[in-house]
Amino acid sequence: MAIVALTTCSRLTDYETSIAMAGATVRPLDPRMAAADSAIDGVDALVLTGGADVDPRFYGERPHATFLAAEAGRDLFELALARAAIDRGLPLLAICRGVQVLNVAAGGSLVQDIGAEVHGALVHQVDTTPSTIAHEVLVASGSMLATLMADRLEGDALMVNSRHHQAVKQLAPGFVASATAPDGVIEAIELADLPFCVGVQWHPENFWRTGEFRALFEGLLRVAG
């Protein structure tokens, strides 16, 4: 059975359940326990989870007034973890904050507050219930995301939940945007040079009961072997 490394966060259960239901064993990673490179020794894939904001000093900016720091040690550990996974070609699925970590780790930057920086922005923080649908995203034709979610697409549209106030601004070199919201906010990214390196800004793990996004986790495991 494949082993999937999982960064720890305050809402871990749905991630663990989604991975287990896709057929893998979960290995939670505690930033206090290991160096990033050795933390992924012996694993078959990595999932970067959600959480608070990536410190903007890591992409050369001062914090916006809305900045909410992540747990101590998460930024340094997860940025190094993402770089190590890319260097190894380790299959990687990044979710919400994880997308932002992945993009910054590879040399990109972030929109620090969508409401303040994106004219005409949709509401991207909808907390009614974890699986509440917030808006649609438009998925790029020919992307890995389009292939994975083919059964759920209506044309090029996919309905998603949303709990983020930050997003990708400048894409890291080599990455492409594979989904955007109607307001132009980047909602998914991928690195085509690797067998599986996909990040989604919504929370697919919240749908483990109903399976709308199970294909993302199953796709990760198919590549992981």
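Please treat every number below as a calculation from the coordinates, not as lab data. From a predicted model like this one, the values you see are computed outputs, not experimental measurements. Counting neighbours? That spans all protein chains shown, and the Cβs are built from the backbone with ideal geometry, glycine included.
With contacts defined as alpha carbon pairs under 8 Å and 6 or more residues apart, what's the relative contact order of the chain in percent?
On the way: 470 pairs, mean separation 50.8, N = 225.
23 percent.
Taking θ as phi - 60°, what are the ³J(HN,Hα) couplings along region 201-211 by the Karplus curve (6.51, -1.76, 1.60), each to the nearest whole Hz, with x for Gly and Pro?
With the stated coefficients, region 201-211 comes to 7, 8, 10, x, 5, 6, 9, 5, 6, 10, x Hz.
With a 10 Å cut-off between alpha carbons and a GNM built on the chain, which of Ile114, Ile133, Ile86 moves the most?
It is Ile133.
Any idea what the dipole of the chain comes to, in debye rounded to 20, about its Cα centre with Lys/Arg Cβ at +1 and Asp/Glu Cβ at -1?
280 debye
Among the DSSP beta bridges whose two residues both lie in the chain, what percent are antiparallel, rounded to the nearest 5? Mind showing how you got there, number by number?
Working: 18 of 34 bridges.
That works out to approximately 55 percent antiparallel.
Among Gly89, Val137, Gln170, which residue has its Cα positioned farthest towards the positive end of the charge dipole of region 3-224, with +1 placed on the Cβ of Lys and Arg, -1 on the Cβ of Asp and Glu, and the dipole taken about the Cα centre?
So the residue furthest toward the plus end is Gly89.
Using packing as a proxy for protection, rank 123-130, 176-183 so that the peptide with the highest average count of other Cβ atoms within 10 Å comes first.
Ranking the peptides 123-130, 176-183 by packing returns 176-183, 123-130.
For a quick check of your reading of the filter: which GluC sites (Glu not before Pro) in region 17-119 sit in a DSSP loop and have no more than 11 other Cβ atoms within 10 Å?
The qualifying sites: there are none.
Distance between the C-alpha centers of region 4-36 and region 98-123? Whole Å please.
24 Å
Taking N as the number of residues in the chain, what value does Rg over Cα atoms divided by 2.2 N^0.38 Å take?
Compared with the compact-globule rule of thumb, the chain sits at 0.92.
May I ask you to evaluate 6.51 cos²θ - 1.76 cosθ + 1.60, the Karplus curve with θ = phi - 60°, for each residue of region 118-129 and list the ³J(HN,Hα) values in order in whole Hz, giving x for glycine and proline?
Rounded to whole hertz, the list is 10, 5, x, 5, 5, 7, 9, 10, 10, 10, 3, 9.
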